[in-house]
Amino acid sequence: MFKKKVATLLASVLLITSSFPVISSAAAEFSKDLEKDELKVSPDPTEEQSSEESVSNEADSQETETSTKTSTETEETTEETIENPDAEIIGEAPVEEEPSQDYSTPYAAALPNDPNIINIDKVFQNPIGDSTSILEGGRLLQLNPAAKSQRGAIWSKKPINLLSDFTFKSYLYLGDQQGNAGDGMTFTLTNDDRMTSAPDQVIGSTGMGIGSYSTRSGQPYLRKSLSVEFDTYKNQGSADRMDDEVGGDTGGRGHVAFVTPKENNNNYSGEHSGVTVAPTNLSNGTWRMLIVQWDAASKQLMYNLEGVGSASYTVDDLNAKFGSTNVYWGFTSSTGGKYQENALAMTQIPSHVQSLAELRVNEGEFATEVEAAENDKITIKNKLNVANELNIQHHQFAEDRQPQVSIELPPKLMYEEGSLTVDGQKVAPEDISIDNSRITLDLYNYLVLEQDMAIELTAKLQGTTPEEVLAMNFEYSEEAELIQRSNQATIKVAKPKDKTITVFYKDLLTDQDIADPKPITGLIGANYQESPVDVAGFVFKNDSGNAEGVFAEDSQDIYFYYRTGELYISEAPSQVSFGTNKISNTSLIKFGEVDQGLRIMDERKEGAWRLQLKQAQPLTNGTVEMPEVLSFVTDSGTAKIGAAAITIAESEQKAETDLSGLLDHTNQRGIQTEIPVEYQRTGTFKGMLSWSLEDVPAN
């Protein structure tokens, strides 16, 4: 027999009517519409009557409130004046009065006097937005001029591989607005899927978003990205609160930090890592040297901003963070009511070189990590690709840059003389130099730009011990300066023994298996990593703490624990606002604006659900009651909201169902009030609505 379950939530509704006009933007706009339609009631000789309708949080109300289930509360008070707070744009620095300025100057920052500044006009894709420009013959990247409401982004033409180290060096200019600057810029690594399909869309929100983040749900942001932000405006208000967690910046000097762009970055905490607060204003008219480095072995991204400080951020899982080991690099910026010029002059870009080190044992397959035994032949390969970012001739490039590749072999790898080749061709002895265990190849006669080159040499493994790990990488240099270090390739001498453990999937309460156990086997010393599987009707809760590790003699079985799936309202409005309106000589009709969305979560394996709505308490000011003035309007019809519940939605859909579109007041959907002339009074009316979610049988 089916057993019905009901879950309820309450939401408050507020209706304010006043004899004086409210000077809020919403009220003024609605009042203007009423006057345009000639719906005003003739004023009293001593007092003009008006009806104002708005939502109030029941927690803020000082009047008696009734709460049951999910409710909407209505409250009525008589007000003599209502002040209009300054309008605020979420996430942007507020507008301040200032003398009239001419923002037409293309740029104010003169280039630093450094001959190492490189030409970058062929490095980037077309900029996104109108604010970003490449100036000074390709040597200055201006993300935006010193003007309000700017937003820009620019991305490299080619991705870089995070299995290799890189170093980025640039002079950074953040304007000369001192403590009046906003909002900043970012250096960002991204693997946003739109980079291949719609690259002109790879940009985040303006203002607080700095062209990278989302200022609230539904606003643009960069996917699969990590930003180093140079934030000159501290957003710590109630609406734009992302920087509330940044301590120490009481003077608004600015800060540097790591931020992961996501669907909504506008939170009080959990947004920043590696924060460094500037000791002086970031926007102080000076060029600062910025160094950003990526260490592939430790998976750490590090920044060091001259005169400010340094910090690092570890990316535990490249695929989880970026969806790949390849990322594009670039910059974003924005200004709001406050502004600044954002510009860079680069001396070293995240390499025009891609370098991958791989190993092969005997005649096996190439890999970055291999297992080998004593006397095995090891082939060491460097897949090297050097981009011609200056678009010059190969020999001129080789002559100017003097490119070389080198590798330092671990002591237990014995190089086989004469085995070094480039693309299968033996290298002349005079192009090789050997200093102890470091082997260096002069690439002058072998370099091919814009193509993958295969540099290979062989060595024999001798004198090793079981479970010993030997690591090495290739280094590419130009003019004796390191440009790119490859990933670390490792040889592991493992015991010829394996270990099998079992992965179990259990009901947390009953300890019963809810899916077939799975055995996994690996060599002692090898890594393993297991993840919970999806089980219909259950939700993963926690594990035994050893889902990731290294196979060992005493390795224990892995347990994933699940709870039973539930049906519940994951989000529902707690308030409904009907705005502010003057009393009219016709019925007052208005759609309510809700403070939250409407979402249902069904984690069960089977069954259906029904969402219903009823009026738990009619609109009243304690004296006058407004019966049957609320309705629920959909595209297919209108239903009165009364003491009897009406069905809003019914479905068998699993996981989350978003019903927020049913409460879209801008498209005249959702909760509507229609107040006849005889019920229109000055004051504040309160009411209560009840949302009910029922577990019903599936069809």
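The values are calculated or read from the model by the stated rules, or taken from the named source; none is laboratory data. Just so it is clear, the structure is predicted and the values come from calculations on it, not from any experiment. Because the Cβ atoms are built from the backbone with ideal geometry, glycine has one as well, and the counts that use them run over all protein chains shown.
Scanning the range 657-668 for residues being at pLDDT below 95 and in a strand (DSSP E or B) gives a total of 0. Among residues of the range 671-699 that are within 17 Å of Ile641 (Cα to Cα), those with a beta-carbon under 8 Å from a residue that is assigned to a strand (DSSP E or B) and basic (Lys, Arg) at least six positions away or on a different chain give the pairs Gln672/Lys590; Thr673/Lys590; Leu689/Lys614; Ser690/Lys614; Ser692/Lys614; Leu693/Arg610.
Is it the case that the range 647-654 has a residue that's aliphatic (A, V, I, L, M), assigned by TED's automatic domain parsing to the domain that holds Gly579 and under 30 Å from Phe538 (Cα atoms)? Looking for residues that are aliphatic (A, V, I, L, M), assigned by TED's automatic domain parsing to the domain that holds Gly579 and under 30 Å from Phe538 (Cα atoms), one finds at least one in the range 647-654, hence yes.
In the set (1) surrounded by fewer than 17 Cβ atoms within 10 Å (Cβ to Cβ); (2) on the phi > 0 side of the Ramachandran plot, Ala639 fails one condition alone, (2). In the range 196-220, how many are at positive phi and either in contact with a His (Cβ under 8 Å, 6 or more places away or on another chain) or buried (at least 21 other Cβ atoms within 10 Å of the Cβ) (or both)? Going through the range 196-220 one residue at a time, the tally reaches 3. Beta carbons closer than 7 Å, at least 6 apart along the sequence or on distinct chains, pair a first residue in the range 499-523 that is touching a residue at least 60 places away in the same chain (Cβ under 8 Å) and not assigned by TED's automatic domain parsing to the domain that holds Glu371 with a second that is surrounded by 11 or more Cβ atoms within 10 Å (Cβ to Cβ) and hydrophobic (A, V, I, L, M, F, W, C) for Leu523/Ala494; Leu523/Phe551.
Taking the numbered list (1) touching a Phe, Trp or Tyr at 6+ places or on another chain (Cβ under 7 Å); (2) under 19 Å from Asp664 (Cα atoms) in turn, Gly597 passes all entries but (1).
Does Ser170 satisfy the criteria of being touching an Asp or Glu at 6+ places or on another chain (Cβ under 9 Å) and either without any contact (Cβ under 8 Å) to a residue 40 or more places away in the chain or among the polar types (S, T, N, Q) (or both)? Break it down stepwise before answering.
Working: touching an Asp or Glu at 6+ places or on another chain (Cβ under 9 Å): no; either without any contact (Cβ under 8 Å) to a residue 40 or more places away in the chain or among the polar types (S, T, N, Q) (or both): yes.
No; evaluated as a whole, the condition is false for this residue.
Restricting Ser334, Ser324, Ser310, Ser298 to residues that are outside the structural domain of Phe474 (by TED's automatic domain parsing), among the small types (Gly, Ala, Ser) and under 21 Å from Ile483 (Cα atoms) narrows the list to Ser298. With respect to the conditions (1) at pLDDT 95 or above; (2) part of a strand (DSSP E or B), Ala320 lacks only one, and its number is (2).
Run down Gly251, Gly237, Gly247 and say which single residue is modelled with pLDDT of 80 or more, assigned by TED's automatic domain parsing to the domain that holds Gln177, over 17 Å from the mean Cα position of the chain (by Cα) and more than 21 Å from Gly330 (Cα to Cα).
Values: Gly251 fails: modelled with pLDDT of 80 or more; Gly237 fails: modelled with pLDDT of 80 or more.
Only one candidate qualifies: Gly247.
As a summary of the residue check, Asp513 satisfies the conditions (1) surrounded by fewer than 16 Cβ atoms within 10 Å (Cβ to Cβ); (2) at pLDDT below 90; (3) over 36 Å from the mean Cα position of the chain (by Cα); (4) more than 30 Å from Ala373 (Cβ to Cβ) except for the one numbered (2). Being touching a helix residue (DSSP H, G or I) at 6+ places or on another chain (Cβ under 9 Å), more than 27 Å from Lys412 (Cα to Cα) and of a type in the set (A, V, I, L, M, F, W, C) holds for only one residue in Val503, Val576, and it is Val576.
So, Asn281, is that one within 27 Å of Asp176 (Cβ to Cβ) and either crowded, with 19+ Cβ neighbours inside 10 Å or charged (D, E, K, R) (or both) or not?
Details: within 27 Å of Asp176 (Cβ to Cβ): yes; either crowded, with 19+ Cβ neighbours inside 10 Å or charged (D, E, K, R) (or both): yes.
Yes, satisfied.
Residue-wise test of (1) of a type in the set (S, T, N, Q); (2) over 27 Å from the mean Cα position of the chain (by Cα); (3) assigned to a loop (DSSP other than H, G, I, E, B); (4) in the same structural domain as Ser660 (by TED's automatic domain parsing).
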residue	(1), (2), (3), (4)
Pro532	no, no, yes, no
Ala536	no, yes, yes, no
Ser555	yes, yes, yes, no
Tyr559	no, yes, no, no
Asn581	yes, yes, yes, yes
Thr586	yes, yes, yes, yes
Glu606	no, yes, yes, yes
Pro618	no, yes, no, yes
Glu628	no, yes, yes, yes
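For the range 451-466, the set of residues classified as surrounded by 13 or more Cβ atoms within 10 Å (Cβ to Cβ) and not hydroxyl-bearing (Ser, Thr, Tyr) consists of Met453, Ala454, Ile455, Glu456, Leu457, Ala459, Lys460, Leu461, Pro466, listed by residue number.
Restricting attention to the range 609-624, the residues being of a type in the set (A, V, I, L, M), at pLDDT 95 or above and either surrounded by fewer than 20 Cβ atoms within 10 Å (Cβ to Cβ) or over 24 Å from Ile675 (Cβ atoms) (or both) number 1. The residues on offer are Val550, Val533, Val503, Val493, and the sole one that is touching a Phe, Trp or Tyr at 6+ places or on another chain (Cβ under 9 Å), over 22 Å from Asn319 (Cα atoms) and not polar (S, T, N, Q) is Val503.
Let's see how each residue does on (1) among the polar types (S, T, N, Q); (2) farther than 25 Å from Lys605 by Cα; (3) touching a strand residue (DSSP E or B) at 6+ places or on another chain (Cβ under 7 Å); (4) touching a residue at least 12 places away in the same chain (Cβ under 8 Å):
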| residue | (1), (2), (3), (4) |
| --- | --- |
| Val535 | no, no, yes, yes |
| Asp557 | no, yes, yes, yes |
| Phe560 | no, no, yes, yes |
| Ala572 | no, no, yes, yes |
| Gln575 | yes, yes, yes, yes |
| Asn581 | yes, yes, yes, yes |
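It is to be established whether one or more residues within the range 373-390 are of a type outside the set (Asp, Glu), part of a loop (DSSP other than H, G, I, E, B) and without any contact (Cβ under 8 Å) to a residue 24 or more places away in the chain. No - not one qualifying residue is present in the range 373-390. Taking strands (runs of 3 or more DSSP E) as the structural unit, those lying wholly within the range 397-441 and holding at least 2 residues that are touching a residue at least 60 places away in the same chain (Cβ under 8 Å) and surrounded by 15 or more Cβ atoms within 10 Å (Cβ to Cβ) correspond to 403-408.
Residues in the range 588-604 that are part of a strand (DSSP E or B) and under 22 Å from Asn699 (Cβ atoms): Ile600, Met601, Asp602.
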